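What follows is a set of notes on a single structure, which appears directly below.
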Amino acid sequence: MPLNQEYAGRIFGPAGPYEVGRVKIADFADAVGEPSELCRDREAARKAGYPDVIAPPTFAMVVAMNSTALVESDPGLGLDYSMVVHGEQSFSYSRPLHAGDVVTATTTVESIRKLGSTWMLVTSTDISTVDGEHVCTARSTIVERGQ
């Protein structure tokens, strides 16, 4: 089934709020093999100029997933998630996420295009504090394989 190209430009969210916690950051850092003490040691993070421990760069996906799930699960889009593979991911930061941040995520469908027997869905998710400070934009490309 083809993806609904009329979804290009649609905005989903905001999802959240999500409170970034020290334990979640440390667990994520362990899971991805991030050795930095800035992800685990509050005093080291403060000495480096941060208010608390900071999250590894890819931690933004934890926050973004709640918002992108709104897109991917929308029945009108026509996405068969069982046929999806991850194509690409990038992050653009204004500042690192840190413990104590309370953030929301809003996802925009940037584009939908057919490439051979596959569909490419590109989204961008803006992550901001509940006070409106931009923290990160996560850009993602997923590919729905042809059937």
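No value in this document is a laboratory result; all are computed from the given coordinates. Note that the coordinates shown come from a computational prediction; the quantities given were computed from them, not determined experimentally. Note: ideal-geometry Cβ built from the backbone for every residue, glycine included; neighbour counts use all protein chains shown.
What FRET efficiency would be calculated for the residue pair D52, R113, taking the C-beta separation as r and a Förster radius of 30 Å, to the nearest 0.05?
It comes out at approximately 0.15.
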(message) Taking the 0 to 90 degree range and rounding to the nearest ten, how far is the long axis of helix 22-32 tilted relative to the main principal axis of the chain, both from C-alpha atoms?
(response) 60
(message) Could you compute the net charge surrounding A64? Neighbours are other residues with a C-beta less than 11 Å from the C-beta of A64; K and R count +1, D and E count -1.
(response) 0
(request) State, in angstrom, two size descriptors of the chain derived from its alpha carbons: Rg to one decimal place and Dmax to the nearest whole number. (result) 16.7, 54
(request) Find out how many positive minus negative residues lie around Y50, taking Lys and Arg as positive, Asp and Glu as negative, among other residues whose Cβ is under 14 Å from that of Y50. (result) +1
(request) Calculate how large, on average over all directions, the projected area of the Cα convex hull of segment 69-147 is; give the answer in nm² to one decimal. (result) 6.0
(request) Going by C-beta contacts inside 10 Å, put D30, D41, D131 in order with the fewest on the left. (result) D131, D30, D41
(message) To the nearest 20 Debye, how big is the dipole of the chain about its Cα centre, given +1 on the beta carbon of each Lys and Arg and -1 on that of each Asp and Glu?
(response) 200
(message) Using alpha carbons only, how many angstrom separate the centre of segment 114-147 from the centre of segment 1-38?
(response) 11
(request) Excluding G76 itself, calculate the net charge of residues whose Cβ lies under 12 Å from the Cβ of G76, where each Lys or Arg counts +1 and each Asp or Glu counts -1. (result) -2
(message) Could you work out how much longer the chain between V32 and Y81 gets when fully extended? Use 0.36 nm per residue separation minus the Cα distance between them, nm to one decimal.
(response) 15.2 nm
